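These notes concern the structure reproduced below.
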Amino acid sequence: VDVPHFAQARQEDTPVPPDIDFMSRPVLGWFGVIDERVDYVLLDKIAEVHPEWSIAMIGPVVKVDPNLLPHRPNLFWLGGRDYRVLPNYCKAFDACLMPFAINKATQYINPTKALEYMATGRPVVSTPIADVIHNFGDVVKIGKTHAEFIAACEDALERPDAAAVEKGLQMAEKNSCNSILVQ
């Protein structure tokens, strides 16, 4: 993971883009390809249960019909953004989401976005992806059902776990481009 890049989300002088800065707080965010690996029912449920939250989905929509994406006033499909500005968007996030569907497409994934999210210093909430549980289970909040995922988001927003965030920063550093090159 490029820790210095994503650490920009923690810097006071990093500007937040206007297409996310207008959203009501808290903002729960995702960046990455939006495809068959995303649990769209879960996203719709989060937006329904918590209309006061904003959910920002950043990434290109591929392999799924964009007309079938859930639509709610607090669910924003921002499209793809350049890698260089992802920290700017992450600065607006109050929590980072990994709402992966549990299906064949996610059976063997090891999402690098977990470490990128950790480098932003934000709490992270995920569905029960095996490698996330195994590698990051003590840092990332896991919701096995939609209700548990929403509860984990509530917990992350209401009671951010500073120790987990700090441990996530350390994990990101251990897996940074620079530390891996040095070994």
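The values are calculated or read from the model by the stated rules, or taken from the named source; none is laboratory data. Fair warning: this is a prediction, and the values are worked out from it, not measured in the lab. Neighbour counts are summed over all protein chains in view; Cβ atoms, including those assigned to glycine, are modelled from backbone coordinates with ideal geometry. The accessibility values were calculated without ligands, DNA or RNA, using every heavy atom of the protein model including side chains. Shrake-Rupley method; radii C 1.70, N 1.55, O 1.52, S 1.80 Å.
Residues checked against (1) open to solvent by less than 10 Å² (accessible area, probe 1.4 Å); (2) modelled with pLDDT of 95 or more; (3) among the hydrophobic types (A, V, I, L, M, F, W, C):
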{"residue": "His71", "(1), (2), (3)": "no, yes, no"}
{"residue": "Gly79", "(1), (2), (3)": "no, yes, no"}
{"residue": "Asp82", "(1), (2), (3)": "no, yes, no"}
{"residue": "Val85", "(1), (2), (3)": "no, yes, yes"}
{"residue": "Asn88", "(1), (2), (3)": "no, yes, no"}
{"residue": "Ala95", "(1), (2), (3)": "yes, yes, yes"}
{"residue": "Thr106", "(1), (2), (3)": "yes, no, no"}
{"residue": "Ala114", "(1), (2), (3)": "yes, yes, yes"}
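Restricting attention to segment 55-68, does a residue exist that is of a type in the set (Gly, Ala, Ser), surrounded by 14 or more Cβ atoms within 10 Å (Cβ to Cβ) and under 21 Å from Ile150 (Cβ atoms)? Yes, segment 55-68 has at least one match.
The residues in segment 123-164 that are open to solvent by 20 Å² or more (accessible area, probe 1.4 Å), under 21 Å from Cys90 (Cα atoms), of a type outside the set (Asp, Glu) and part of a helix (DSSP H, G or I) can be counted, and the count is 3. Can you confirm whether Tyr108 is hydroxyl-bearing (Ser, Thr, Tyr) and either within 14 Å of the chain's Cα centre (by Cα) or outside any loop (DSSP other than H, G, I, E, B) (or both)? So Tyr108 does not fit the description; no. Does Ile142 qualify as being modelled with pLDDT under 95, of a type in the set (A, V, I, L, M, F, W, C) and either within 20 Å of Phe6 (Cα to Cα) or out of contact with any Gly (no Cβ under 6 Å at 6 or more places or on another chain) (or both)? Against the criterion (modelled with pLDDT under 95, of a type in the set (A, V, I, L, M, F, W, C) and either within 20 Å of Phe6 (Cα to Cα) or out of contact with any Gly (no Cβ under 6 Å at 6 or more places or on another chain) (or both)), Ile142 does not qualify.
Conditions (1) farther than 20 Å from Glu52 by Cβ; (2) touching a helix residue (DSSP H, G or I) at 6+ places or on another chain (Cβ under 9 Å); (3) in contact (Cβ under 8 Å) with a residue 60 or more places away in the chain, marked per residue:
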{"residue": "Ser126", "(1), (2), (3)": "yes, yes, no"}
{"residue": "Lys141", "(1), (2), (3)": "no, yes, no"}
{"residue": "Ala152", "(1), (2), (3)": "no, no, no"}
{"residue": "Leu157", "(1), (2), (3)": "no, no, yes"}
{"residue": "Asp161", "(1), (2), (3)": "yes, yes, no"}
{"residue": "Ala172", "(1), (2), (3)": "yes, yes, yes"}
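I'd like to check something: does segment 86-97 contain any residue that is under 15 Å from the mean Cα position of the chain (by Cα), over 21 Å from Asn175 (Cα atoms) and of a type in the set (S, T, N, Q)? There is at least one residue in segment 86-97 that is under 15 Å from the mean Cα position of the chain (by Cα), over 21 Å from Asn175 (Cα atoms) and of a type in the set (S, T, N, Q).
Per-residue answers, yes or no, for (1) assigned to a helix (DSSP H, G or I); (2) in contact (Cβ under 8 Å) with a residue 60 or more places away in the chain:
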position: Asp44; (1), (2): yes, no
position: Ala47; (1), (2): yes, no
position: Ile55; (1), (2): no, no
position: Val64; (1), (2): no, no
position: Asn67; (1), (2): yes, no
position: Arg72; (1), (2): no, no
position: Phe76; (1), (2): no, no
position: Pro87; (1), (2): yes, yes
position: Leu97; (1), (2): no, yes
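In segment 23-41, the residue that is most open to solvent (accessible area, probe 1.4 Å) out of those that are of a type in the set (A, V, I, L, M) and under 14 Å from the mean Cα position of the chain (by Cα) is Val33. Applying the set (1) out of contact with any Cys (no Cβ under 8 Å at 6 or more places or on another chain); (2) part of a loop (DSSP other than H, G, I, E, B); (3) within 20 Å of Leu157 (Cα to Cα) to Lys91 leaves exactly one unmet item: (2).
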